[in-house]
């Protein structure tokens with residue numbers, strides 16, 4: 001019988017906490033794609049996302065001994081990634097976080113230049129709207145959408161109840177839906 005994924009992740013993390021480099025290499029191999037994807041979604045720059053993913057695994061190495069198995073190791077990694085990237089975004093000047101569209105191609109190989117510009121315009125509007133959200137709503141939404149955390153994991157991360165997280169996410173989504181209604185109408 002094969003060992004469940006989470007048990008293997010726990011075992012690897014315990015070995016990382018003891019300083020075993022091969023265990024860290026295996027943990028990275030198992031989770032680097034998802035960590036990079038979360039970082040890229042939040043930072044919107046492939047090189048920055050790569051750097052952030054490396055920094056996340058350095059943090060994992062340094063903090064493996066602090067992990068308390070109350071949830072999945074993957075959720076812990078996703079939370080570290082989301083928090084690290086959100087901290088990086090906070091450090092940027094507000095205007096810079098809206099001007100990162102240069103990292104996206106202007107043309108879409110599957111569409112026309114006009115469709116690519118429409119997608120770019122929508123992406124810019126969404127980013128501006130996300131910046132307009134209150135910090136707690138934006139953070140809850142990022143943790144849910146980009147880090148893939150459950151309501152319970154977000155609640156724990158933000159020191160809230162799952163019901164409070166539900167309320168934050170509903171208000172954030174309502175705001176975005178209303179703001180984009182005319183645009184998408």
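The values are calculated or read from the model by the stated rules, or taken from the named source; none is laboratory data. Everything numeric in this text was worked out from a predicted model, so none of it was measured. Cβ coordinates were reconstructed from backbone atoms using ideal geometry, including for glycine residues, and neighbour counts include every protein chain displayed.
Descriptive notes on the structure:
- Here residue 108 fulfils each of the conditions (1) more than 27 Å from residue 72 (Cα to Cα); (2) at pLDDT 70 or above apart from (2).
- Hits in the range 145-175 - residues which are closer than 21 Å to residue 41 by Cα, modelled with pLDDT under 90, in contact with a helix residue (DSSP H, G or I) (Cβ under 6 Å, 6 or more places away or on another chain) and part of a helix (DSSP H, G or I): 153, 154, 157
- Conditions (1) surrounded by 13 or more Cβ atoms within 10 Å (Cβ to Cβ); (2) touching a residue at least 24 places away in the same chain (Cβ under 8 Å): number failed by residue 46: (1)
- Qualifying residue in the range 53-63 (condition: surrounded by fewer than 19 Cβ atoms within 10 Å (Cβ to Cβ), closer than 16 Å to residue 14 by Cα and touching a residue at least 24 places away in the same chain (Cβ under 8 Å)): yes
- Residue within the range 44-57 that is over 20 Å from residue 72 (Cα atoms) and modelled with pLDDT under 90 present: yes
- For the range 129-140, the count of residues that are modelled with pLDDT of 85 or more, closer than 25 Å to residue 178 by Cα and not in a helix (DSSP H, G or I) is nonzero.
- Pairs linking a residue in the range 131-158 that is within 13 Å of residue 81 (Cβ to Cβ) to a residue that is surrounded by fewer than 19 Cβ atoms within 10 Å (Cβ to Cβ) and at pLDDT 85 or above, with Cβ atoms under 9 Å and 6 or more positions apart or on different chains, are 146/37; 148/34.
- Matching entry among 40, 36 (being surrounded by 15 or more Cβ atoms within 10 Å (Cβ to Cβ) and either more than 23 Å from the chain's Cα centre (by Cα) or at pLDDT below 90 (or both)): 40
- Only one entry of 29, 15, 34 meets the criterion of being over 25 Å from residue 140 (Cβ atoms) and touching a helix residue (DSSP H, G or I) at 6+ places or on another chain (Cβ under 8 Å), and that entry is 15.
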